[in-house]
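The values are calculated or read from the model by the stated rules, or taken from the named source; none is laboratory data. Remember, predicted model here, so these are calculated numbers, not experimental data. Glycine gets a Cβ as well: all are built from the backbone with ideal geometry, and neighbour counts include every protein chain shown. Each accessible area value is taken on the protein alone, full model and side chains, heavy atoms only, with ligands, DNA and RNA left out. Shrake-Rupley method; radii C 1.70, N 1.55, O 1.52, S 1.80 Å.
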Amino acid sequence: PLAKQMEEEPQIKKESQKMIDFILSEGISVTRPKHPEYQPVPEKDYTTKCLLLDFDNTLFDTSADDKLRKYCDGERDWDKILDCIPKYKLYDGWLDVIKWAKGKGIKLGIISTASNKLINNTLDYFGLKFDAVIGDRWGYPKPSPLLVTFALDEMNMNIVEDNILYVGDSL
């Protein structure tokens with residue numbers, strides 16, 4: 001098309017002649033390189049296979065035990081905190097999300113700095129079943145990605161990060 005246009009438009013030929021002469025003198029190809037053969041891109045599975053949630057202030061309103069969560073001489077009074085479970089509130093909408101996820105075969109997990117005992121007792125109280133609970137792990141504070149690995153191991157899942165959805169206030 002350029003050659004034909006140059007034949008029809010003397011001004012284009014005149015303005016481009018020096019460039020064309022240079023290209024030819026250097027042995028540079030004036031034809032386009034052949035396009036490589038089409039290689040299909042492997043499809044990624046972006047389907048969510050695992051939903052990981054934070055416990056406090058994401059899944060549950062646990063503000064009923066705020067005063068008890070403070071450390072007293074380096075320890076928390078977990079027995080008193082466990083007594084607060086009936087005052088906890090599951091945030092609106094989460095029950096529908098949990099039912100939907102279970103219906104789609106999506107694994108559910110919790111990653112939190114709360115104790116496993118508190119999380120499991122709360123889940124039992126509210127009649128909720130999760131596939132993994134990763135509570136307070138000293139040495140692995142959130143947002144350590146190892147906590148996600150621990151949850152996946154507990155669920156016997158070997159999936160990539162594209163298939164995990166995390167909802168929380170720290171990761």
> Which peptide among 124-135, 155-166 comes first, and what is the full order, when sorted by highest mean count of other Cβ atoms within 10 Å?
Replying inline: 124-135, 155-166
> Roughly how many percent of the accessible protein surface of segment 132-171 is carbon and sulfur, given a 1.4 Å probe and a whole-percent answer?
Replying inline: 55
> What net charge is computed for the residues neighbouring C50, neighbours being all others with C-beta under 9 Å from the C-beta of C50, Lys and Arg scored +1, Asp and Glu -1?
Replying inline: +1
> What length, rounded to one decimal in nm, is gained on full extension from M19 through to Y38, with 0.36 nm per residue of separation minus their alpha-carbon distance?
Replying inline: 3.6 nm
> How far apart, in nm, are two points set 7 Å out from the Cα along the Cα-to-Cβ line at V97 and at D77?
Replying inline: 3.3
> Given 0.36 nm per residue, what is the gain on full extension from V167 to Y140 after removing their alpha carbon distance, in nm?
Replying inline: 7.9 nm
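With +1 on the Cβ of every Lys and Arg and -1 on the Cβ of every Asp and Glu, and nothing else charged, how large is the dipole of segment 59-135 about its Cα centre, in debye rounded to the nearest 20? Write out the running numbers ahead of the final one.
On the way: 13 positive and 12 negative charges, 66 e Å.
Using only the charged Cβ atoms, the result is roughly 320 debye.
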